[in-house]
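Worksheet: the structure to be examined is printed underneath.
The values are calculated or read from the model by the stated rules, or taken from the named source; none is laboratory data. Note that the structure is a prediction, hence the values are computed from the model and not measured. Every residue, glycine as well, gets a Cβ built from its backbone with ideal geometry; the counts of neighbours run over all protein chains shown. Remember, those area values only see protein heavy atoms, side chains included, never the ligands or the DNA or RNA. Shrake-Rupley method; radii C 1.70, N 1.55, O 1.52, S 1.80 Å.
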Amino acid sequence: MFKSLKRSFMKMFREFLVYHNSSLEFRAKLLTLIVSSDGEMSECEKQKLKEIAHRIYSDDDERAELLVDTVKEFHTKIVTDNGLDFEHLVQQVAKEVKEVKRFCQKIDIGLLMELHDCIDEEDEEERLFQMRIIEFLQGLKEECNA
């Protein structure tokens, strides 16, 4: 119970309590772009998301769990149309990459492709849409490095 209460408290006040919160939120936005592209989060995506978060923050389980929770929070906001929509999230990512150059390094196409692998082979339209998002992010990364 204490762990659950602590996680809830951290989620509510992560902006003030989490070291480099902007970095964590940027990573969450990148991951949310992929898992929310079809409006739902599959079991495969949930599992891959946990694996990716624990790889990114291999030395900090709490931070990894906070990343997963933040992605789920952003996803819920998009799905319920609660102050965030998909296009706005794309715009936020593009703006933040241009304003904070170190965020370019956080765009890991390999990790995003792992989430892309969760899309059913037969859902060609969704696979194509996700690939466009990944190509967009790759373009942002290349712009920074140019």
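Scanning for something of a type in the set (D, E), closer than 17 Å to L140 by Cα and more than 14 Å from the chain's Cα centre (by Cα), does segment 55-64 turn up at least one residue? Reasoning before the result, please.
Here is the first cut: in segment 55-64, the residues of a type in the set (D, E) are 59-62.
Applying the additional criterion that residues be closer than 17 Å to L140 by Cα yields none.
Taking every residue of segment 55-64 in turn, none turns out to be of a type in the set (D, E), closer than 17 Å to L140 by Cα and more than 14 Å from the chain's Cα centre (by Cα).
One line per residue, one yes/no per condition, for (1) farther than 14 Å from E25 by Cα; (2) surrounded by fewer than 14 Cβ atoms within 10 Å (Cβ to Cβ):
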residue	(1), (2)
E45	yes, no
I52	yes, no
F74	no, no
K95	no, yes
G110	yes, yes
Practice task
Confirm whether Q138 is open to solvent by 80 Å² or more (accessible area, probe 1.4 Å) and in a helix (DSSP H, G or I).
Solution key: no
Exercise for the section: Select from segment 54-67 the residues that are open to solvent by 10 Å² or more (accessible area, probe 1.4 Å) and either on the phi > 0 side of the Ramachandran plot or in contact (Cβ under 8 Å) with a residue 24 or more places away in the chain (or both) and list them in ascending order. Expected result: R55, I56, E62, R63, E65, L66
Practice task
Could you give me the residue pairs with C-beta distances under 7 Å whose first residue belongs to segment 80-107 and is closer than 11 Å to K141 by Cβ, whose second residue is of a type in the set (S, T, Y) and open to solvent by less than 100 Å² (accessible area, probe 1.4 Å) wherever it lies, and which are 6+ apart or on separate chains?
Solution key: K106/S23
Handout entry: Residues located in segment 73-127, provided they are of a type in the set (V, I, T), in contact with a Leu (Cβ under 9 Å, 6 or more places away or on another chain) and not in a helix (DSSP H, G or I)
Key = I107
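Which residues, counting only those in segment 112-130, are open to solvent by 30 Å² or more (accessible area, probe 1.4 Å), over 15 Å from the mean Cα position of the chain (by Cα) and within 21 Å of E51 (Cβ to Cβ)? Steps first, answer last, please.
Applying the first criterion (open to solvent by 30 Å² or more (accessible area, probe 1.4 Å)) to segment 112-130 yields 113-114, 117, 120-125, 127-129.
This time we only want the ones that are over 15 Å from the mean Cα position of the chain (by Cα), so: 117, 120-125, 127-129.
Listed by number, the residues that qualify are D117, D120, E121, R127.
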